[in-house]
Every structure is written in structure tokens, then in C-alpha cells.
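The values are calculated or read from the model by the stated rules, or taken from the named source; none is laboratory data. As the structure is a computational prediction, the values presented were derived from the model and not from experiment. Cβ: placed from backbone, ideal geometry, glycine included. Neighbour counts: every protein chain shown.
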């Protein structure tokens, strides 16, 4: 694997390989010195053209734990503010000699677009409404850890599907790993066409959760209210929020997920977050291992003995 | 008089190709003889006054109803001169320049300014005028004053006039000029309902949903088409709809024509070839307004072209600098340079008959724009020598020869296309000879 632009580019088998690799990197992180020299001498640039805390920190730690050299670059401090074009920015970074370019951008398609301007492996850390492939991999990893497998599991995604890169990536990843996926959302927050999407649309959250193995709540953005996609937070919560009452009707083994950051009291109630079935922090932890696997698969030397340890 | 003879070609007529030689006078700019065989001397051949064009079609020069020539305001992308060169290479002898320049053409002074810039052009530059001052849909632009300097087609371009009340008044006012000035004045209108299409980047459908790009529903066009047709009936005026793209739009127009509504329409070459799936490359050279549509829409456009629902193919030539085209898809401007590929699309890609090509590129657009005294004329003695000589078999790779337009934004880049212009003759003068610009 060189670039990771979209889950569409991966087969179920390739995803499993990445998840296995992530598993081996998880063990590394439990050591006293949670580092391996797997990417020593490699340079990774994190180019975040859109704000992010968790994804950037997660990639940052992943690169450090693989001993890569790391450069952080964010739009607020960048030459883009001075009017430099995307192409010039990327070609400038590229000219400094880098191996991996992790990019987050508010416009769909930018990671694909910049592959023509850099020799580095491009890893998509989220582009517009389009894709967020490492999120989907860490979600799959979390589910596999908790439930053993995704095969034949019933996964419900609830919330703003239309504007969600997480949903687009998750639907494809979960499907390729054998799960059956259903969507729940007000019609205004569903994509106009679901042609080619391996999903079922459930009419209500109450119906959808009856036999769910995984309930995945998506973040609802407050600006959607202003676009008359929704009347109010209150009305959204009533139909599509995970209230304590709804959580009570979920099966005992059903896991509750969220990509973060969460709006407590909107898509998920604070009380529910105390529940053992909530896997939100597992997702965050898995993120580092999965991103180590992705970075290694993209720019690593091909094979590496994970048992190698750095001297304490 | 300097007589030039085109020998061995086939003249395009309404009933098909007719094998004839044709002579024109480069001084008067008129056709002087059309005959089965015209004698030429060795000297004529040596001096280039007799050209063998075996296997080529001779059509009246093409007339483009919709192009953006950059000047004034966007000279980095195109000037009137460079745009006219692209037009000449494409076989055009008249280009109707969209008035949405910066500043826009909404006064007689602006028309005169444009005509001054067009003095060295390689084909006739026909200014269009704005319907409203500044495109604000507030005050009517001085159409009669502009008409005095030759403007006959009025449009606000962009998304088309959104305010139905304003469009009604504009239709009435412009139509009234037909009787007061004797000129065939006409309102042209793109059809895009802004309240429905706002924020959209591509055709709304399976592809936009998958690619995570905001969609432009087909209905945004169709509602505007229906509304404009209804207003044309209310006012009992002519109207021209620019760049239609959906199957329903074509059906609405087909029905309107049957009802007797005086409507003409055009389609862009890109909407006859490309579908919305091309946007999967996130290459903004596939970003258009209206957007590239579905397979069914492309099929409907091709059918409507053949059955005469579509009156003209208009290039929609829109030069954009590569800096701007390299922005992310949702931030890049739409459009493509296209004056040089329209013929190849119709001949090479669609395999249209020569008389269909001449109808949609020359005869009908000339009539719509009121230019039929000079352009799109029948090829007879005494008619203007505005000619496009087409080699239907010749091929070229797009983007390989040095560009004539200042911009290179075309989705056809690198594609081998068939059907080239050999010669373009404007007012009896070779502006393109052997596929090369002469000046």
C-alpha cells in the first residue's frame, strides 16, 4: 500500500492485514518505552488544513512511536494564510524531501488531487464530506476487539450521514468486513442517492436498535440548524438522540460508538456515557495503533520485527 | 479582384454534400463562382490562389452563441484577440461574446469599447448586452442604445434572471425593440434556479452522494426552463435558452415548440459527451455549469440534437487560468475552453452528418443571433465568403500543438480527436490556412 485515500481502494483482506498489523503495534505501546525504530530516518508531515485535535494528535503519536521524524503544519500558521496556492504549498513541502504526507482538508477530493504534486505517500486524514479511512479502520478494530468479528454483525449508523466522511468510510469498511449496515437519519441528513451503498435505511432509531450489535452515533453539527435541515436540537434529540431510555433498550452486548467530538445531551446523553457498553475511548486508543499500521504500511521498509525494543 | 479557388471539395447543403468547386474574391469578400469545375492556371496553383481540398467539406463559417472572451477583466485567461484565434481555429467566423465581463457590457459605451478591442480579431466579435444594469435584476440596461451599436442578443448570463417579474419586463421590452429598431432582438437565458442549486458543485445523484460533493439537482434547471417558457407564452415573445442539459428540459422544450412557443435552445459540446461520473477524478476540468449530467441526460441531449429540439451547439468557451483550475474542486471555477473542439465532438465523437453539423453550428445559430445576412448563408455566388473547410478524417491530439487560446483548461486534453478545420475564411481572407493561424 502506498497512498491511503479512500476505503474504496482497500479490499476486506487488505483491511484485515492492516488490523493485524495494528494489533502488533498495540503490544508495542504497552511496553515501558512504547516505541519501535520501524520508521527511523523517515519523515512524516502532518498537513492539517482544517482544525482537528484528536486525529492530529493520534497521527502525531503514531509517527513518534514508530521513530519517524515529524513535522506539524496547520492552516492557521501556514503560508496558505498569506495566499499561497494548495499546489505551491504541497510542492514546497515535497521539495524538502519527505516520505509521508498526512492531509486533512475541508474540500472533498484534495488528498487525491495532491498525489500529482508530491512523491510522498499521501494518507487521507479526512477530506470534506468524502472519506476518513483511518477512522473507519480504527472503528473496525474497536468492533473486532469487543465482538471478535464484524461478520454478520448488525451495525446501525445514526445521525448526519449526508455531510459525514466518517459515515461514507464506515459503511464501506463495515460492509467489506462482512457486517450488515443500516442507516437512521432524518431525510434532510441522508444523501440524496444511496445507489450503490450496501445499506438499509431504517425508519426510526427505536426500530433500528432492536437487534443492533453496534450503535454508531454521528456528531450533529450545530450549523445544520441554521440551514433549515433540522428545526432544533430538541427535536433532533427526540428522534435521533441516544437517551438513557433508548440505551436501556439496547442489548446487553451492544456497543455504543461515536467518532468524537461528542455533543453531550444532543446525539448522546451524558448519563449514557457512563455505560460499559460505550467504546468511545477504546476507539481513541485504537486510533494510535491503527495509524501506526497505516504509516508503516505506506512508508515502512516492508517488513519489521515488532519484538525489537528500544533500549530503556 | 483576387480570385481564390477551392477545388475538389464537397459543399454542405441542406440536402447533403454536393461536389462543387468554389471561388471567392479576397477583396470584396464575396463568393464569385460555384461550379462543377472551375479552371485554374499553373500560376494560380503556384501562388496559392487555388487550393485542393479533396475529401473536405465546405460549410458556411460557424457562429457561436455563447463564449466568454475574458476581456475586459480577465485578460490573464483570455483576450478578445486570443479568443478570436481559438474561434478561427475552430472554424468560427462569428462569436457572440457573453456580456458578463468585468466591467460588464450594460451600456452603449461598453459595447463601443468592446468593438474597439475587437478590431484586430480574426473573426467577427458580436457583443451581447446585459439585460439588467450590473446583472443586479434591478434596473433594465439600455437595450435600445446598445442595439443601435449592433447588439441583438441580451442576457444576464450566470444563473439566468431569477426574478420572474423582471424577466417578464425584460422579455417585453426587448421584444418591443424588434418593431422599433427592425433588428431581431432576443433575450437569452441560462436556466439555474439559484435557491435550489446554491452551494452545488456537480450533478446531484449517485455520484455526488458517493464523492461527498454538494449536488445541483436537475430540477433546478427544469423549473427555470418551465418558468421561462411560461413567461415567453405570457409575453408572446421569443426567448433563447442557453446550455440546457437534462432530459426533462429537452422534453419541456419539445412540447413548448409543438405548442407554438417561440423558443430556441443550445447545448454545450461537453454535455453531449461527458457524464457526472467524470467528477470522480476531482479534476475541475470536469466542473461545468450546468453540471455534467447522467447517462440518460446525455442520451436525451444527443436525441434532441438529431430531432431538432436543440437548435444549436454553443461552445460555452470559458477560459480559466491553471492556477484557478488547480484549486480544490469545490473552490475552482467551472468551464472549459472549447471553441477548438466543438467540430471534433460533432464529427469525430458523434459522427453527425455534415448537414446536421452545419445546421447546429452555422445556419441556425446565425439566424437566432440575427446574423444570417453575413453568416450561415447558402454557398452561392454573391454571398459572403465566410467559410469553414472541414477535413472529417484528420486527427489531432488535443493540447499537443501550441495553444491559441490563453488558457488550456479542457477535459479533452490528451485525447485524439477526429474532424479538423483545414481552412477558415472570413470576409474572403484565410484566417486559418492548413490548420494554422495566418496572422
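Quick one: residue A:280 ticks every box in (1) within 29 Å of residue A:31 (Cα to Cα); (2) touching a residue at least 60 places away in the same chain (Cβ under 8 Å); (3) surrounded by 17 or more Cβ atoms within 10 Å (Cβ to Cβ) bar one, so which box is it?
(2) is the only condition that residue A:280 fails.
Which of the following residues is farther than 27 Å from residue A:111 by Cα and touching a helix residue (DSSP H, G or I) at 6+ places or on another chain (Cβ under 8 Å): B:358, B:314, B:366, B:280?
After applying the criteria, what remains is B:314.
Is at least one residue of the stretch B:130-146 surrounded by fewer than 22 Cβ atoms within 10 Å (Cβ to Cβ), in contact (Cβ under 8 Å) with a residue 60 or more places away in the chain and closer than 18 Å to residue B:242 by Cβ?
No, every residue in the stretch B:130-146 fails to be surrounded by fewer than 22 Cβ atoms within 10 Å (Cβ to Cβ), in contact (Cβ under 8 Å) with a residue 60 or more places away in the chain and closer than 18 Å to residue B:242 by Cβ.
Within the stretch B:199-217, track down each residue that is part of a helix (DSSP H, G or I) and buried (at least 24 other Cβ atoms within 10 Å of the Cβ).
B:208, B:211
Let's see how each residue does on (1) within 14 Å of another protein chain (Cβ to nearest Cβ); (2) out of contact with any strand residue (DSSP E or B) (no Cβ under 9 Å at 6 or more places or on another chain); (3) closer than 23 Å to residue B:99 by Cα; (4) at pLDDT 95 or above:
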| position | (1), (2), (3), (4) |
| --- | --- |
| B:155 | no, no, yes, yes |
| B:159 | no, no, yes, yes |
| B:166 | no, no, yes, yes |
| B:170 | no, no, yes, yes |
| B:178 | no, no, yes, no |
| B:181 | no, yes, yes, no |
| B:196 | yes, no, no, yes |
| B:204 | yes, no, no, yes |
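Just to check your reading of the model, which residue among A:75, A:38 is within 14 Å of chain B (Cβ to nearest Cβ) and over 16 Å from the mean Cα position of the chain (by Cα)?
A:75
Within the stretch A:91-105, can you find the residues that are more than 14 Å from chain B (Cβ to nearest Cβ) and part of a helix (DSSP H, G or I)?
A:92, A:93, A:94, A:95
Out of the stretch B:12-43, which residues are in contact with a strand residue (DSSP E or B) (Cβ under 9 Å, 6 or more places away or on another chain) and in a loop (DSSP other than H, G, I, E, B)?
Within the stretch B:12-43, B:20, B:26, B:29, B:36, B:37, B:38, B:39, B:40, B:41 qualify.
Residues of the stretch B:247-272 being outside any helix (DSSP H, G or I) and touching a helix residue (DSSP H, G or I) at 6+ places or on another chain (Cβ under 6 Å), which ones?
B:261, B:263, B:264, B:265, B:267, B:269
Across the stretch B:227-246, what is the total count of residues that are part of a helix (DSSP H, G or I) and crowded, with 19+ Cβ neighbours inside 10 Å?
5
Here are B:360, B:347, B:356: which of them is more than 14 Å from chain A (Cβ to nearest Cβ), out of contact with any strand residue (DSSP E or B) (no Cβ under 6 Å at 6 or more places or on another chain) and under 29 Å from residue B:257 (Cα atoms)?
Going through B:360, B:347, B:356 in turn, the sole match is B:356.
Among the residues of the stretch A:132-167, which ones are within 14 Å of another protein chain (Cβ to nearest Cβ) and in contact with a strand residue (DSSP E or B) (Cβ under 6 Å, 6 or more places away or on another chain)?
A:132, A:133, A:161, A:165, A:167, listed by residue number.
Just to be sure, is residue A:91 without any contact (Cβ under 8 Å) to a residue 12 or more places away in the chain and in the same structural domain as residue A:12 (by TED's automatic domain parsing)?
In short, no.
Within the stretch B:326-344, which residues are touching a residue at least 60 places away in the same chain (Cβ under 8 Å) and within 14 Å of another protein chain (Cβ to nearest Cβ)?
Selection gives B:329, B:330.
So which helices (runs of 4 or more DSSP H) stay within the stretch A:232-312 end to end and still have 2 or more residues that are more than 20 Å from the chain's Cα centre (by Cα) and over 30 Å from residue A:67 (Cα atoms)?
A:233-240, A:244-249
Which fully enclosed strands (runs of 3 or more DSSP E) of the stretch B:44-134 have 3 or more residues being in contact with a helix residue (DSSP H, G or I) (Cβ under 8 Å, 6 or more places away or on another chain) and farther than 20 Å from residue B:406 by Cβ?
Qualifying strands (runs of 3 or more DSSP E): B:57-60, B:62-67.
Consider residue A:108 against the criteria (1) part of a loop (DSSP other than H, G, I, E, B); (2) away from chain B (no Cβ under 14 Å): it satisfies all of them except one. Which criterion is unmet?
(2)
Quick one: residue A:177 ticks every box in (1) under 23 Å from residue A:281 (Cα atoms); (2) surrounded by fewer than 24 Cβ atoms within 10 Å (Cβ to Cβ); (3) within 14 Å of another protein chain (Cβ to nearest Cβ) bar one, so which box is it?
In the conditions (1) under 23 Å from residue A:281 (Cα atoms); (2) surrounded by fewer than 24 Cβ atoms within 10 Å (Cβ to Cβ); (3) within 14 Å of another protein chain (Cβ to nearest Cβ), residue A:177 misses (3) alone.
So, residue A:228, is that one exposed (fewer than 13 other Cβ atoms within 10 Å of the Cβ) and at pLDDT below 95 or not?
yes
Against the conditions (1) buried (at least 24 other Cβ atoms within 10 Å of the Cβ); (2) over 22 Å from residue B:297 (Cβ atoms), where does residue B:172 fall short? Just the number, please.
Of the numbered conditions (1) buried (at least 24 other Cβ atoms within 10 Å of the Cβ); (2) over 22 Å from residue B:297 (Cβ atoms), the odd one out for residue B:172 is (1).
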